[in-house]
Amino acid sequence: MSYSFDEANAAFKADKIGELAQDSDGLRFLKLRSLSRIEFMKRLAQGCGLELPSVDGRKDIPYLRFLFDSEITNTHIEETINTIYAEERQSRLSNEDELVSELYRLEVFDWGGLHQNSLERAIVDNYVKKITSYGRLCECIEDELHHSMRSYVLCSWYNHWTSRIIEDIFRDHACVLPAVGLIKKIDFFINDVPFDLKVTYMPEGYIKDNRKAESLRPEITLLKRFCRENNIHFERTLPEARLLEDLWTKVNDHPLQTSRELITNLREKRSEYLRSAIENPIALIRWLYENQGVRRFDASNRLFLVLLDCNNFFESWKLKRAKPLLEDRIHSHLDNMGSNPGHEVSFSWEGIEYNTTSDVIFVTRENG
């Protein structure tokens, strides 16, 4: 299919990015769209000896249409993108080592209970609408909210800068074309295939589902039972993810032989599921698509970067700042992707079948 501008723009708005990428005109549209900041489009036009038309009001769509209908080649577009990225990258490189060092100062990754909702809603629901006493409200602000806000800001800061570093590791590779403007669901192109990068950890739900498929009891159930049998106190009101970490740590620290056996068994199963996912990544990819949040659902091409610290599963977040390890694993994977990156994956969502191109890169810190 040969796309006109209106057809390509309509397909883009309908999230048919995978279809666009399979057509030369569609792919050209996406690359132009990744330059969609006004100053970038002007730079592309000037570099090709063209002058953008004068328009009133919003300029991005008329400019994009003009560039799409022009004789600007794919080579011109890529050269402009790479030049812009190189300039931006140079400014970030000047303090990147210092930034990575600063990220290592974060010792605890705890959102303070504010990450699951918007910050404003969490404050309104938990403090504004819940407390009627002015004095009690002031006490809660001092005793609780200040701590939660600090934790929230620290975690947001850590995620922002580690994500920027990880994105640059991908974009620095020779087979990657960055998206330097604002474009939804595309962080970069790998050998002309667009991908949206998702940094995640080995999902607890995936482990739970694998255990269920083997008729094994959930980890949290076994850990709770051990604690009850050995009079180990645990806070039952903790969110499940926090409770699992709390139980695991307490059982792991217990001197009984049965605690060693339980933790060893749970570790071995997790390692088995990791090996299986590495050998058959499509099963994990399909699970990640089928278990995404309703509000964030889409079927765009995704590249999942899965981080897993096998020494302490609950500290996998620390791998986001392990720049040399990340560079080694990511670039090694990209070196071996070939001309057709990713896997063709089908998945089901609310009774509808979707097809997408996706891939997963594992970055692990092994036991010992």
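Just so you know, all these numbers are worked out from the coordinates, no wet-lab data involved. None of these values were measured; they are calculated from a predicted model. Cβ sites come from the backbone with ideal geometry, for glycine too, and all protein chains shown count toward neighbours.
Side notes on the structure shown:
- Assuming charge only on the beta carbon of Lys and Arg (+1) and of Asp and Glu (-1), the dipole of the chain about its Cα centre is about 1000 debye to the nearest 20.
- Within straight-line cross-link reach of Lys208, aspartates and glutamates at Cα separation under 20 Å, skipping those fewer than 8 residues along the same chain: Glu219, Glu240, Glu245, Asp246, Glu261, Glu268, Glu272, Glu279, Glu290, Asp309, Glu315
- Taking the Kirkwood radius as Rh and the Cα radius of gyration as Rg, the range 114-180 has a ratio of Rg/Rh equal to 1.28.
- Over the range 5-94, Cα pairs under 8 Å with separation of 6+ residues give a relative contact order of 27 percent.
- The range 83-102 and the range 214-271 have Cα centres spaced 43 Å apart.
- In degrees, nearest ten, helix 74-93 long axis to first principal axis of the chain (Cα): 50
- Angle between the chain longest axis and helix 24-33 axis [Cα atoms, degrees, rounded to 10]: 70
- Highest to lowest packing among 257-266, 295-304, scored as the average C-beta count within 10 Å: 295-304, 257-266
- Cα-only Debye scattering, the range 5-94: base-10 log of I(q)/I(0) at q = 0.11 Å⁻¹: -0.32
- The range 340-368 versus the range 168-201: alpha-carbon centroid distance in Å: 16
- Think of the chain as a dipole: +1 on every Lys or Arg Cβ, -1 on every Asp or Glu Cβ, centred on the Cα centre; then among Thr83, Thr264, Ser276, Thr264 lies furthest on the positive end.
- Residues listed by number, the range 195-227, amide nitrogen under 17 Å from Ala283 label point at 7 Å toward C-beta: 202-217
- Between helix 204-213 and the chain: long-axis angle, C-alpha atoms, 0 to 90°, nearest 10: 70
- Distance between the 7 Å Cα→Cβ label points at Leu119 and Asp56: 4.0 nm.
- Close amide-amide hydrogen proximity is noted between His343 and Ser358, Asp359, each under 5 Å apart and 5 or more residues distant or on a separate chain (H modeled in the peptide plane; Pro and chain starts excluded).
- Cross-link partners of Lys184 among lysines, defined as those whose alpha carbon lies under 30 angstrom from its own and excluding same-chain residues fewer than eight positions apart: Lys13, Lys16, Lys31, Lys42, Lys59, Lys198, Lys318, Lys320, Lys323.
- Highest-first arrangement of 183-189, 79-85, where packing means the average Cβ count within 10 Å: 183-189, 79-85
- log₁₀ of I(q)/I(0) at q = 0.11 Å⁻¹ - the chain, Debye sum with one point per alpha carbon: -0.94
- Spin-label pair Asp97-Glu71: with each label point 7 Å from Cα along the Cα-Cβ axis, the two points sit 4.8 nm from one another.
- Peptides 352-363, 326-337, ordered by how many other C-beta atoms sit within 10 Å of their residues on average, highest first, read 352-363, 326-337.
- Within the straight-line cut-off of under 18 Å between alpha carbons, the aspartates and glutamates reachable from Lys130 are Glu120, Glu139, Glu142, Asp143, Glu144, sequence neighbours fewer than 8 places apart in one chain being disregarded.
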